[in-house]
Structures are given as C-alpha cells and as structure tokens.
Amino acid sequence: MKNYQSWKRTAMSAFIMLMILIFSCEKKPDCYKCTTTFDITYKVESSFEKFSTSDTQEFCDMSEEEKAEYENLNTGTTTDESSGLTTITVRTTICTK
C-alpha cells in the first residue's frame, strides 16, 4: 500500500509539471506575410518596357480588419508623364498567414 501511494504522488507530480510546461509555453502570435508586387511599365512613344519586382513584410498581431486596410492602401495604379515618358506602376498587395 505504501508503494502505491508513493507511485500515485509521483504520477500526480509529473502530471502537474507537464501541465505547467504545456500551458506556460510562449505561443507564437498570428503573423501575416504581406507581399506587394510592383508591375512597372515605361512607355516612350510607341515602344515600352515592362518589369516586375516585389517586397514582403511580416506583421504580427494584425487583425483581419487591419490586414484588409493594409491590402487596400497598398494596392492601386499610378501613372506619371514627363517629357514623353509615361510610367505606369500597378501595386498589388496580398497578405497571407
């Protein structure tokens, strides 16, 4: 009977320590990787040149509303004209978990 109670105490102590370890672990926050792609076109008279580049940023603890706002603010098209050169930049931003 003495061995049973000793074993029971040891098992209970191990269980409590395991629960403390599980619930005390630092949880990684939800993070979004937001990639903005820039499609750039240069036009001079009837010829043009086109290229693309992108940039990825990581944001943690961003709400769904903040993600949508970031995507919206960083998506769009701009056109600049100067001395016969037209530059069209199309920005597209997509955030994923």
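The values are calculated or read from the model by the stated rules, or taken from the named source; none is laboratory data. Bear in mind that the values here come from a model prediction, so they are computed numbers and not experimental data. Don't worry about glycine lacking a Cβ; one is built from the backbone with ideal geometry, like all the others, and counts go over all protein chains shown.
Data for the structure
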item	result
For F48: the one exception among (1) modelled with pLDDT of 95 or more; (2) surrounded by 10 or more Cβ atoms within 10 Å (Cβ to Cβ)	(1)
Checking A11 against (1) under 16 Å from the mean Cα position of the chain (by Cα); (2) at pLDDT below 90; (3) aliphatic (A, V, I, L, M), the condition it does not meet	(1)
Output for the stretch 53-88, where each listed residue is of a type in the set (V, I, T), surrounded by 14 or more Cβ atoms within 10 Å (Cβ to Cβ) and not in a loop (DSSP other than H, G, I, E, B)	T86, I88
From the options L21, L85, L73, residue that is of a type in the set (A, V, I, L, M) and modelled with pLDDT of 95 or more	L73
Single condition P29 does not satisfy, out of (1) part of a helix (DSSP H, G or I); (2) modelled with pLDDT under 95	(1)
